[in-house]
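**Student:** One structure, as structure tokens, below. Some questions next.
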Amino acid sequence: SVTEVESDRGRAILEIASAGFASYRVDDLHLSPGSMQNLGDIRLKPVPVLHVKVVDDVTGDPVAKAKVQLLEPPGPQQQGAVRTRMTFETNRKSTLTDEEGRVELTTSPGRPMSLRASRSGYATLNLPERTYGAEELEVRLAVGGQVKVTVRDPSGAPLPNARISRRSPSDRFGGNHGTVRADDQGIHTFEHLS
């Protein structure tokens, strides 16, 4: 398991998490400098584990080092923010697939979530929101498409270094996918689009 402590002037937040268990969190832990504090036995509640295998859509080969996340939809006060559930493993946290394209994610039973898988060289895959439990899931990453954008002023002349933002209309989590600059000819090419 992993313990994380964030401390500020004698008060701390303690979070303990492990794959297959609900996180344990104390938001207002009082610390005394130089002393040891015994919290007693902490029992973690077991929750289902989602086993995901990520493969290349064309070849079926496993995709190593793909980032896999379970995402909660933003609440009304989050205004497009995304909360992420991450896998916690002994001494490190990781959402990256292993060499066989596999990763385990701790689920939030009864909570609808979206699964996102991404890797450089591939289009990001966002699966529709649903509840996840103890199951095995194979996801296929595709190379995706390419879009070339040319920015011009009203007279048709290229606009060098123009700022360009893009957003997918199907992206439930809001926000754009970053802002880029066009080149000196007003051109930018987006790669690996869903």
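The values are calculated or read from the model by the stated rules, or taken from the named source; none is laboratory data. These numbers were taken from a predicted model, which means no experiment stands behind them. Cβ: placed from backbone, ideal geometry, glycine included. Neighbour counts: every protein chain shown. What goes into the accessible areas is simple: the full protein's heavy atoms, side chains included, and nothing from ligands, DNA or RNA. Shrake-Rupley method; radii C 1.70, N 1.55, O 1.52, S 1.80 Å.
**Student:** For the pair Thr189/Ser32, report the inter-label distance in nm, with labels modelled 7 Å from Cα in the Cβ direction.
**Tutor:** Between Thr189 and Ser32, the label points sit 6.6 nm apart.
**Student:** Determine the gain in length on full extension of the stretch Asp57-Arg130; use 0.36 nm per residue of separation and subtract their C-alpha separation, reporting nm with one decimal.
**Tutor:** Stretched out fully, the Asp57 to Arg130 stretch lengthens by 24.0 nm.
**Student:** So, one more: In a shell of Cβ-Cβ distance under 12 Å around Leu141, excluding Leu141 itself, what net charge do Lys and Arg (+1) and Asp and Glu (-1) give?
**Tutor:** With Lys, Arg at +1 and Asp, Glu at -1, the net is +2.
**Student:** Name all residues of the stretch 50-68 having a backbone nitrogen under 15 Å from the label point set 7 Å from the Cα of Leu96 along its Cα→Cβ direction, giving them as ranges.
**Tutor:** Residues passing the 15 Å test: 63-68.
**Student:** Simple spin-label model, 7 Å along Cα-to-Cβ: Val147 to Lys45 in nm?
**Tutor:** The answer from the label model is 4.2 nm.
**Student:** Given the whole protein assembly as supplied and a 1.4 Å probe, what does the accessible area of Ser165 come to in Å², nearest 10?
**Tutor:** 70 Å²
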